[in-house]
Ligand SMILES: Cc1cc2nc3c(=O)[nH]c(=O)nc-3n(C[C@H](O)[C@H](O)[C@H](O)COP(=O)(O)OP(=O)(O)OC[C@H]3O[C@@H](n4cnc5c(N)ncnc54)[C@H](O)[C@@H]3O)c2cc1C
């Protein structure tokens, strides 16, 4: 097994070019913090991008930051915090859920996985903040797209194509993101004791009000005790976050209190609110040290809980909701129940389900990413072939037929 | 670009015109096919009026099934197709081709679903941008991206161009507000990307469709996010002796963690033209005018407005007014919103450019433009989305003067080259179209462009959909598919690790 550790774009180009020339499959990793997601990739060779690191441009007043793809996200977030800025899309950290260290992960991996967080509805995901990229495609050719300005429609947006491509089209060498000011303060209101149906309605009312709620999550009774060291144990908690300037947050808090005057409300102060949302974001309630299957399901916010209700009739499952109900985290008791779950998602208005935690055997046997209808699958396959004709980059990680059809025989996780 | 080279018309297609028209009338019965020259005149150009071309035939389908049949028919017979929404493109994206069917989407004009719980609207692509807001405003909602052409431009055209507006810095471009589309590929296959849920299960094809300028597929349905109207909005009108101070003021506002709902700048010539036209009370003794709009809950605006005023004063503002009523706020905007027609009054013609630059380069770029203006002997007025660095220089010329259009175009190209040189881009929101097509090489290498074209090859391998737009040179997909194989030594020999 060979591990390439390029430290410059030129070395990266050389490594991929060699692999393309030889038709040698390679696994692309940053810190490997999300290596457990996707179909197992089994290759002779690995490109470790973490040596291609460093912030190359940060202009806070221009709201822009560029970095080499292997730069640790944590390092960038520290730098941004010094200037009271952040990635507005609140990239989640899969570490705790997947049994790894928290705080790992590279900026290239962040884009390749299209990370997002509780602010998704208001601020978008990585795809909404990426301004430009440089990369080497599976053809062994370097290319760039986008730029370093926040508004740009020159040519196709290949940066978005990289978002959520899990290293299967090109290896990123450089990325440029839009960054934004951090809110001055925040507070969270917890509506207590609502049923899922009531919670979904309350979250929709809050998000549809002019209170500018920046995140809305619902933790059912079985989950609510697993955050903030049990401070919210007991009755279900419907969490509404308000962020911004002090006077504005105070005013909007009152607005929500009026809106929900019939309900019992706990107010969670700034410091606790920050940790709470980090825990919601990082799926801490299901970071239980087990390998029980965990699903990440994206649906219309109004439909998720109906799907979950139907699923509960057929399988033992624990669930909680972010994104006003549109992001459903599910932990299965034993089997992943992929077919049952996906059929129910389709029946309840559609969306997609990704098996983000599962054993190697299960990930090899069950499509980790939602299978696409035939015409769409064919289009995605054509795009893959255009960028990586010999299927050398993370073969089979997203779709079995995109190369690497052999089931894994040894562990590559870590 | 006046001598714009378009793909050579296909003689076989031209010779079969009668047959194609007849077949189109079978696919779209009734009023949906326009083949008389008089009728087709209305479609011979889009918002980039310097270019005109009659299409082979104009077809106005009404259903996705018709679109699919038309595209499949054309694909099977190697006939080119140019999609068109409302025809307001400023880059010639909807410019017809002599041998192409012009597929006009304006009869797709129904709102299909309004969902307040999920805050989405699903509309047919011919619905206007403002039509979406109109459909939901009685409930206090609106659709955020607001191009100045919003009364006319279609939501399908907005997706194709990834259009923006004055509220983009805070609320995003079309790409950030579109959740899903239905589209038809050139071979007639109908696909759905996204929906009321977020993000893609696989590659972000919705992301690449947005801003693809009608080259990848025809959009037949759009689902967008709607937002609750902010509780209030107030604007500051701030004058500065020069663009340097105004630019620094913008930087300092953002540096203070404030992201205004809108932040627009105008230079001296634009201020004076606008004031003459609408009498908004703009100060005439300043060289740069900023409109900063704060929106949100009342107390938040009250909290920030003083801060913005202080930042402006620190940067040497010589005039500062704060709107005290909704009427006054709208008056502040009236001049900016009418800037294009206002400039139209002081010059027989104007040519609107659309580069984006890192904001700090503004003084350099404005100085460069002044020098070019002297060199070309043509005036220029600037309106500027100051928050995001998107410039709209309006070059003043007279098309009736021989050679002036060419001069204006050369001036425009020089401005865009300067934008790229300082780290910016050719277009912030209007698209490449035919207008900036031949400048793509200033921003991109052949490898860059080839990777873009590979996306095209995945969607439309025969280059039948809107050819001659965006890419300076069309290369056959089969040719590009070949790999340059670089075989050789494994680089930096083994660093084994387990
Ligand atoms: C006065 C004026 C002001 C403007 N202000 C702004 C502004 O502030 N911000 C901004 O971003 N733009 C602005 N524009 C530009 C223009 O309005 C936008 O680009 C708009 O999105 C074009 O929409 P349309 O429906 O007119 O599309 P068209 O002009 O008809 O077409 C534009 C492109 O989209 C393609 N297309 C259209 N419909 C479809 C479809 N259904 N499927 C696939 N492809 C399709 C066409 O092939 C073409 O390439 C302005 C234009 C004018 C004339």
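The values are calculated or read from the model by the stated rules, or taken from the named source; none is laboratory data. Note that the coordinates shown come from a computational prediction; the quantities given were computed from them, not determined experimentally. When we count neighbours, we look across all protein chains shown, and the Cβ atoms used for this are built from the backbone with ideal geometry, even at glycine.
Filter region A:251-277 down to the residues that are free of Cβ contacts under 8 Å to residues at least 60 places away in the same chain and either within 15 Å of residue A:209 (Cβ to Cβ) or buried (at least 17 other Cβ atoms within 10 Å of the Cβ) (or both) and list them by number. Spell out how you get there, then give the answer.
At the first step, the residues of region A:251-277 found to be free of Cβ contacts under 8 Å to residues at least 60 places away in the same chain are A:251-252, A:254-255, A:258-259, A:261-262, A:271, A:275.
Hits for region A:251-277 are A:251, A:252, A:254, A:255, A:258, A:259, A:261.
Tell me, which helices (runs of 4 or more DSSP H) lie completely within region B:80-196 with 3 or more residues that are within 13 Å of the ligand (Cβ to nearest atom) and under 30 Å from residue A:346 (Cα atoms)?
Details: elements: B:129-136, B:155-161, B:168-171, B:174-177.
So the answer is B:155-161, B:174-177.
Out of the strands (runs of 3 or more DSSP E) lying entirely within region A:116-217, which hold 3 or more residues that are under 24 Å from residue B:175 (Cβ atoms) and modelled with pLDDT of 95 or more? Spell out the reasoning first.
Working: elements: A:130-137, A:142-146, A:170-178, A:185-192.
It comes to A:130-137, A:142-146, A:170-178.
Name the residue, out of B:395, B:415, that is touching a residue at least 24 places away in the same chain (Cβ under 8 Å), part of a helix (DSSP H, G or I) and on the phi < 0 side of the Ramachandran plot.
Details: B:395 fails: part of a helix (DSSP H, G or I).
Within the list B:395, B:415, the selection yields B:415.
State all residues of region B:60-89 that are touching a residue at least 40 places away in the same chain (Cβ under 8 Å) and more than 17 Å from residue B:183 (Cα to Cα); if no residue qualifies, say none. Quick ask: steps written out before the conclusion?
Taking region B:60-89 and keeping what is touching a residue at least 40 places away in the same chain (Cβ under 8 Å), we get B:60-62, B:64, B:67-75, B:77-89.
Within region B:60-89, B:77, B:78, B:79, B:80, B:86, B:87, B:88, B:89 meet the criteria.
Give region A:34-55 a look and list any residue that's in a loop (DSSP other than H, G, I, E, B), over 28 Å from residue A:178 (Cα atoms) and more than 22 Å from the chain's Cα centre (by Cα), or say none.
Listed by number, the residues that qualify are A:42, A:43, A:44.
Here is a yes/no grid of residues against (1) in contact (Cβ under 8 Å) with a residue 40 or more places away in the chain; (2) facing chain B (nearest Cβ under 8 Å):
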| site | (1), (2) |
| --- | --- |
| A:136 | yes, no |
| A:139 | yes, yes |
| A:144 | no, yes |
| A:152 | no, yes |
| A:158 | no, yes |
| A:165 | yes, yes |
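Since residue B:252 meets every condition but one in (1) more than 8 Å from the ligand (Cβ to nearest atom); (2) assigned to a strand (DSSP E or B); (3) more than 25 Å from residue A:125 (Cβ to Cβ), which condition does it not meet?
All conditions pass for residue B:252, except number (2).
Among the residues of region A:1-33, write down those that are assigned to a loop (DSSP other than H, G, I, E, B) and either more than 7 Å from chain B (Cβ to nearest Cβ) or farther than 19 Å from residue A:135 by Cα (or both).
Here is the first cut: in region A:1-33, the residues assigned to a loop (DSSP other than H, G, I, E, B) are A:1, A:5-8, A:23-25, A:30-33.
Result: A:1, A:6, A:7, A:8, A:23, A:24, A:25, A:30, A:31, A:32, A:33.
For region A:314-322, indicate whether the set of residues that are at pLDDT 95 or above, within 14 Å of chain B (Cβ to nearest Cβ) and either over 19 Å from residue A:122 (Cα atoms) or crowded, with 18+ Cβ neighbours inside 10 Å (or both) is non-empty.
Yes, region A:314-322 contains at least one residue that is at pLDDT 95 or above, within 14 Å of chain B (Cβ to nearest Cβ) and either over 19 Å from residue A:122 (Cα atoms) or crowded, with 18+ Cβ neighbours inside 10 Å (or both).
Return yes or no: is residue B:356 closer than 27 Å to residue B:255 by Cα, touching a strand residue (DSSP E or B) at 6+ places or on another chain (Cβ under 6 Å) and assigned by TED's automatic domain parsing to the domain that holds residue B:429?
Numbers: closer than 27 Å to residue B:255 by Cα: yes; touching a strand residue (DSSP E or B) at 6+ places or on another chain (Cβ under 6 Å): yes; assigned by TED's automatic domain parsing to the domain that holds residue B:429: yes.
Taking the combined requirement at face value, the residue satisfies it.
Among the residues of region B:33-40, is there at least one that is crowded, with 19+ Cβ neighbours inside 10 Å and in contact (Cβ under 8 Å) with a residue 60 or more places away in the chain?
Of the residues in region B:33-40, the ones crowded, with 19+ Cβ neighbours inside 10 Å are B:33-34.
Filter once more, so that each one left must be in contact (Cβ under 8 Å) with a residue 60 or more places away in the chain: none.
Scanning region B:33-40, I find no residue that is crowded, with 19+ Cβ neighbours inside 10 Å and in contact (Cβ under 8 Å) with a residue 60 or more places away in the chain, so the answer is no.
Would you check which residues across region B:145-164 are buried (at least 24 other Cβ atoms within 10 Å of the Cβ) and either at positive phi or away from chain A (no Cβ under 14 Å) (or both) and list them?
B:154, B:155, B:156, B:162
Which of the following residues is crowded, with 24+ Cβ neighbours inside 10 Å, on the phi > 0 side of the Ramachandran plot and at pLDDT 95 or above: B:85, B:92?
Exactly one residue qualifies, and that residue is B:92.
If I filter region B:414-443 down to residues being more than 16 Å from the ligand (Cβ to nearest atom) and at the interface with another protein chain (Cβ under 7 Å from one of its Cβ atoms), which single residue comes out as surrounded by the fewest Cβ atoms within 10 Å (Cβ to Cβ)?
B:423
Residues B:237, B:216: which one is more than 10 Å from chain A (Cβ to nearest Cβ) and not in a helix (DSSP H, G or I)? Give the steps one after another, and end with the answer.
Values: B:216 fails: more than 10 Å from chain A (Cβ to nearest Cβ).
Just a single option satisfies the conditions, and that option is B:237.
What pairs can you find where one residue is in region B:427-448 and within 20 Å of residue B:210 (Cα to Cα), the other is near the ligand (Cβ under 9 Å from one of its atoms) and assigned to a helix (DSSP H, G or I), and their Cβ atoms are less than 6 Å apart, with a gap of 6+ or different chains?
Sorted first by the residue in region B:427-448, then by its partner, the pairs are B:431/B:161.
Could you list all residues from region A:80-96 that are surrounded by 17 or more Cβ atoms within 10 Å (Cβ to Cβ) and either out of contact with any helix residue (DSSP H, G or I) (no Cβ under 8 Å at 6 or more places or on another chain) or assigned to a helix (DSSP H, G or I) (or both)?
Answer for region A:80-96, where residues must be surrounded by 17 or more Cβ atoms within 10 Å (Cβ to Cβ) and either out of contact with any helix residue (DSSP H, G or I) (no Cβ under 8 Å at 6 or more places or on another chain) or assigned to a helix (DSSP H, G or I) (or both): A:80, A:94, A:95.
Only one of A:100, A:108 is in contact (Cβ under 8 Å) with a residue 40 or more places away in the chain and in contact with a helix residue (DSSP H, G or I) (Cβ under 7 Å, 6 or more places away or on another chain). Can you tell me which? Step through it out loud before you land on a result.
Working: A:100 fails: in contact with a helix residue (DSSP H, G or I) (Cβ under 7 Å, 6 or more places away or on another chain).
When all the criteria are applied, what remains is A:108.
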